[in-house]
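Here is the structure we will look at, set down as structure tokens.
The values are calculated or read from the model by the stated rules, or taken from the named source; none is laboratory data. Fair warning: this is a prediction, and the values are worked out from it, not measured in the lab. Every residue, glycine as well, gets a Cβ built from its backbone with ideal geometry; the counts of neighbours run over all protein chains shown. For accessibility, only protein heavy atoms count, side chains too; no ligands or nucleic acids. Shrake-Rupley method; radii C 1.70, N 1.55, O 1.52, S 1.80 Å.
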Amino acid sequence: MFSRFRIRDFDFKLVFMTIALAGIGIMVIGSAEPSLRNRQLAGAVVGAALMIIISFFNYSWIIRLNWIMYVVNLALLLAVKYLGSDGGGAQRWLELGGLRFQPSETAKILLILFFAQYIMKYKEKLNTVRIVGSCVALVAVPWYLIYKQPDLSTSIVVIVLFCVIMFAGGISWKVVVGVLVVAIPAVALLISLALQPDSKILRGFQVDRILGFINPEEYADTTAYQQLNSVTAIASGQLEGKGYKNNEITSVKNGNFISEAETDFIFAVIGEEFGFKGSMAVIVLLFGISLECISVARRAKDLAGTVIAAGMGGLVAFQGFINLGVATFILPNTGLPLPFVSYGLTSLMSLFMGMGFVLNVRLQAKKTK
């Protein structure tokens, strides 16, 4: 389980980018909500330490416990359903031993590790109906539990993450094209039905968010309010920004025109205080982490390592894109944190732990000339 690795194979670049991004998050959270900065700092320190420790554990041994991970994942999600605490109209949090965390965040990492072993075990039969069907069934159960919390945004992330995992696992292009041919019109039809009066597919606030995106002028005082103010804040930062913790009365943040500025709309604070330069620094770091994970996936010693690294890269890329899309009003409002930046200890530490496995994949990567 513990293997000897060469320090020169350690991916210091990935470590630097994740810690730099988390450092930006700590600083900006200190401006958005000063009382939360120390908690985020503590979470980042513990998370970074866990990332380094996990990087020296042989992932090939750990993922042999994939069925235990799957059962624990379901147990936590079921516990949320029956024992979870409410917040913001949703039941997504669980309190154990005085610790409050969000199992849907850890579920993403556990699913990546589970399918890494499962797909590698059945890699020769991956494109058969039986194995594809079993993979869909296995992801459907935790997906349903997350969706019913309700957590539509995270359930969408799980679907995309599953697609990335299957693609990295080597699913046939014929299957991919076939699924797209069916899925694209099906999703369009589903959205159309969901927006109909008295539809039960989506909850009222979810429909309002979509309508607010389609017609922001009509919903400027309700569901489109935060996104419109977010765009104003980002634009007002211009090239250099208004400065860290500025006290300008024209500041959107200082005027409390954005609720949850430390979580879902943290990018608005970055844009306003650090301008285009600061915003681009965050985007480049997110892009760099995703690309580095893909690079590790291409050099992995086995299919399981490829799935782990590609899954983590896809998670950071997609979740980052959604958060930035919401903050800049190119996507409907959702409740996804910006990876490594937004306040949220469960998300932060889960991502750090996931990156620890990517680092171990890199330590065992195939040697190149």
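What to note about this one:
- Residue within segment 20-40 that is without any contact (Cβ under 8 Å) to a residue 12 or more places away in the chain, over 21 Å from the mean Cα position of the chain (by Cα) and closer than 25 Å to VAL358 by Cβ present: no
- Failed item in (1) touching a residue at least 12 places away in the same chain (Cβ under 8 Å); (2) more than 22 Å from the chain's Cα centre (by Cα), with GLN206 passing the rest: (2)
- Hits in segment 139-189 - residues which are outside any helix (DSSP H, G or I) and more than 20 Å from LEU77 (Cβ to Cβ): GLY170, ILE171, SER172
- Residues that are of a type in the set (Phe, Trp, Tyr) and closer than 26 Å to PHE115 by Cα number at least 2 in the following helices (runs of 4 or more DSSP H) confined to segment 217-327: 303-327.
- In segment 126-136, the qualifying residues are those that are in contact with a helix residue (DSSP H, G or I) (Cβ under 8 Å, 6 or more places away or on another chain) and not in a helix (DSSP H, G or I), and the one that is least open to solvent (accessible area, probe 1.4 Å) is LEU126.
- Yes/no for VAL139 being under 23 Å from the mean Cα position of the chain (by Cα), buried (at least 16 other Cβ atoms within 10 Å of the Cβ), within 19 Å of ASN333 (Cα to Cα) and among the hydrophobic types (A, V, I, L, M, F, W, C): no
- Selection from segment 286-332 of residues that are of a type in the set (A, V, I, L, M, F, W, C), open to solvent by 30 Å² or more (accessible area, probe 1.4 Å) and farther than 30 Å from ASN215 by Cα: PHE287, LEU291, ILE294, LEU303
- When the residues of segment 191-214 are filtered to those that are closer than 15 Å to SER153 by Cβ and in a loop (DSSP other than H, G, I, E, B), the one that is least open to solvent (accessible area, probe 1.4 Å) is LEU202.
- Hits in segment 225-277 (condition: over 21 Å from the mean Cα position of the chain (by Cα), under 25 Å from PHE213 (Cβ atoms) and among the aliphatic types (A, V, I, L, M)): LEU228, VAL231, ALA233, ILE234, ALA235, VAL252, ILE258
- Residues of segment 219-229 satisfying the condition of being modelled with pLDDT under 80 and open to solvent by 60 Å² or more (accessible area, probe 1.4 Å): ASP221, THR222
- Selection of segment 191-218 for residues being within 21 Å of LEU324 (Cβ to Cβ) and modelled with pLDDT of 75 or more yields ARG209, ILE210, GLY212, PHE213, ILE214, PRO216.
- Within segment 328-369, tally of residues that are of a type in the set (Phe, Trp, Tyr) and part of a loop (DSSP other than H, G, I, E, B): 3
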